[in-house]
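**Q** My questions all concern the structure below.
The values are calculated or read from the model by the stated rules, or taken from the named source; none is laboratory data. Bear in mind the structure is a predicted one, so any value in this text is a computation, not a measurement. Neighbour counts run over all protein chains shown; Cβ positions are idealised from the backbone, glycine included. Heavy atoms of the whole protein, side chains included, go into the accessibility calculation; ligands, DNA and RNA do not. Shrake-Rupley method; radii C 1.70, N 1.55, O 1.52, S 1.80 Å.
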Amino acid sequence: MKPKHLDSKYAEMFKHRSVSEAYVYRPPYPIQTFEILNTLIGKKPGRVLDVGCGTGNIARHLVDFMHHIDAIDFSESMIAVGKSLPNGNHPNIHWIRSSMEEALLIGQYDLITAGASLHWMDWNIVLPKFKGLLSPDGYLAIIDDGNLPTPWEEGLHKIINVYSTNREYRPYHLIDELEHRNLFIKIGEKRTEPIVFQQSIEEYIQSFHARNGFSYDVMGEDSAAGFDSEVRDLLRNYCGEEGVELHITGEVVWGKPA
């Protein structure tokens, strides 16, 4: 059984319009992330399936490397926002609204990319499905983002623990979970160098409303306002007029569905 905090009822939050609209405030992947993905293709033209694509944070940045990208997500509002963003209407991207579990896909892909959305899928269905969709020398690449520790991290975690609507969250590691279930064989991994990302305090606060447990639709007006206010007060002790400065990283783990 998957960890309880990854139940489908929490995944449904990503269909909320408010979550989709806040997604633009989440930190981007460092450009080196896409250079790593490109090396996994080699000299082939590149046919890619980006699963749980959301607003296309991976797909829209791969268009300069790959000649065809199928970007699939179960959230209509995520895809709508993605199409409005830079490269969202690029001819190399084919947007597909469907869950990965139910998607009818044809042909083989040189690379399947999966960001944080893989957490929410039925692994026992999608991993075998990936195996059938990959070319013989293709890889499944699982991409994660993060940032180096911040001075306000401890205080922020305390606020998150009070306001998150996902009360079942427990720390876990996706790759370990997949390997433990004999669903994934890791071949390699690489982390990018940190890059500096700056945004205003208000943009940083909004980025949390694009994350599990902080959808405006579920939190309600009073709780969301309380969360925003406490985070805002916390950050004023650490951030000046320039706003929030994060040192963000990307990690790519690639391998084969078992």
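**Q** Take Leu118 and tell me if it is touching a residue at least 40 places away in the same chain (Cβ under 8 Å), open to solvent by 10 Å² or more (accessible area, probe 1.4 Å) and within 21 Å of Gly56 (Cα to Cα).
**A** The answer is no for Leu118.
**Q** Now, a different point. Can you tell me which residue within segment 195-207, out of those that are touching a residue at least 60 places away in the same chain (Cβ under 8 Å) and either farther than 20 Å from Val24 by Cα or touching a helix residue (DSSP H, G or I) at 6+ places or on another chain (Cβ under 9 Å) (or both), is surrounded by the fewest Cβ atoms within 10 Å (Cβ to Cβ)? Working first, answer last.
**A** Initially, segment 195-207 is screened for residues touching a residue at least 60 places away in the same chain (Cβ under 8 Å), giving 195, 197, 199, 203-204, 206-207.
Narrowing further to those that are either farther than 20 Å from Val24 by Cα or touching a helix residue (DSSP H, G or I) at 6+ places or on another chain (Cβ under 9 Å) (or both): 195, 199, 203-204, 206-207.
Numbers: Ile195: 17, Gln199: 18, Glu203: 15, Tyr204: 22, Gln206: 21, Ser207: 19.
Ranking the qualifying residues of segment 195-207, first place goes to Glu203.
**Q** Say we look at segment 72-102 and pick out the residues that are touching a strand residue (DSSP E or B) at 6+ places or on another chain (Cβ under 8 Å) and in a helix (DSSP H, G or I); which of these is surrounded by the fewest Cβ atoms within 10 Å (Cβ to Cβ)?
**A** Selected residue: Glu76.
**Q** Which residues, counting only those in segment 41-71, are modelled with pLDDT of 95 or more, in a helix (DSSP H, G or I) and hydrophobic (A, V, I, L, M, F, W, C)?
**A** Ala59
**Q** On the given criteria, is Val24 modelled with pLDDT of 90 or more and crowded, with 20+ Cβ neighbours inside 10 Å?
**A** Judged against the criteria, Val24 is not a match.
**Q** Does Asn182 fit the bill of being surrounded by fewer than 17 Cβ atoms within 10 Å (Cβ to Cβ), touching a residue at least 40 places away in the same chain (Cβ under 8 Å) and at positive phi?
**A** Answer is yes for this residue.
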